[in-house]
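The values are calculated or read from the model by the stated rules, or taken from the named source; none is laboratory data. Being a predicted model, the structure only gives us computed values, none of them experimental. All Cβ positions, even for glycine, are placed from backbone atoms using ideal geometry, and neighbour counts span all protein chains on display.
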Amino acid sequence: MHGPLAIHLEQLLAYHLWAYERLLEAVAPLDEDAYRAPRGLFFGSLHGTFNHLALIDRLWLGRIRNEPWQFERLDSEVAPDREALAAFLREGVAGWQSWLSEQSDRSLGTLLEYRNMAGQEQRQSLANIVQHVVNHGTHHRGQMSAALTALGQPAPMLDYIYFLPERQDIR
């Protein structure tokens, strides 16, 4: 049985997927040129930002699973088109959810030692890494929402508080 920390992190990962789905729906009406055009985002386009998010989700999942890193840069392309990228995003969150289902509050306090992209040694608890992955997604999804608004498109409501009513199992 999961303790309160694991349950909370499960909720955050469910939110992470929910927010991805809302944003994927919001960009669906855009033509390919609009979707891939530079928007002043840190990773350029909407596609570039989704790509970065998918890559980072997998980077951290690989680190906690002690798997080799398969990409050279933080902007390496993980999927060539929207459908493949959406699937890669969903599979990444599913991987996190599967991993978390095997964790306890105690194991989530375990420190992970790793090297960041600059090669510097780092150490962080597994719980903080899960929190970071979700927070990182929230940061970039906010940028993408602003880009949609600048395009005259409606931006989805992505706040965690709007996710909660859709989850009957969350109090």
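ILE170 meets all of the listed conditions (1) aliphatic (A, V, I, L, M); (2) under 29 Å from GLU25 (Cα atoms); (3) modelled with pLDDT of 95 or more; (4) more than 18 Å from the chain's Cα centre (by Cα) but one, namely (3).
Considering only region 108-144, state which residues are in a strand (DSSP E or B), out of contact with any Ser or Thr (no Cβ under 8 Å at 6 or more places or on another chain), in contact (Cβ under 8 Å) with a residue 12 or more places away in the chain and not basic (Lys, Arg).
Step one: list which residues in region 108-144 are in a strand (DSSP E or B), which gives 111-115, 121-125.
Okay, now just the ones that are also out of contact with any Ser or Thr (no Cβ under 8 Å at 6 or more places or on another chain), so 113-115, 121-124.
In the following step, the residues that additionally are in contact (Cβ under 8 Å) with a residue 12 or more places away in the chain were identified as 114, 123-124.
Answer for region 108-144, where residues must be in a strand (DSSP E or B), out of contact with any Ser or Thr (no Cβ under 8 Å at 6 or more places or on another chain), in contact (Cβ under 8 Å) with a residue 12 or more places away in the chain and not basic (Lys, Arg): TYR114, GLN124.
When the test is whether a residue is part of a helix (DSSP H, G or I), more than 15 Å from the chain's Cα centre (by Cα) and hydrophobic (A, V, I, L, M, F, W, C), ALA147 passes it. Picking from residues in region 149-171 that are of a type outside the set (Gly, Ala, Ser) and touching a helix residue (DSSP H, G or I) at 6+ places or on another chain (Cβ under 6 Å), the one that is farthest from GLU10 (Cα to Cα) is PRO156. Of the residues in region 82-89, not one is among the charged types (D, E, K, R) and closer than 25 Å to ALA6 by Cα.
You will find that of ALA87, ALA54, ALA34, ALA14, the residue that is more than 16 Å from the chain's Cα centre (by Cα), modelled with pLDDT of 95 or more and either of a type in the set (Gly, Ala, Ser) or surrounded by 17 or more Cβ atoms within 10 Å (Cβ to Cβ) (or both) is ALA34 and no other.
The set of residues in region 113-135 that are touching a helix residue (DSSP H, G or I) at 6+ places or on another chain (Cβ under 6 Å) and either surrounded by fewer than 16 Cβ atoms within 10 Å (Cβ to Cβ) or within 27 Å of ARG39 (Cβ to Cβ) (or both) comprises VAL133, VAL134.
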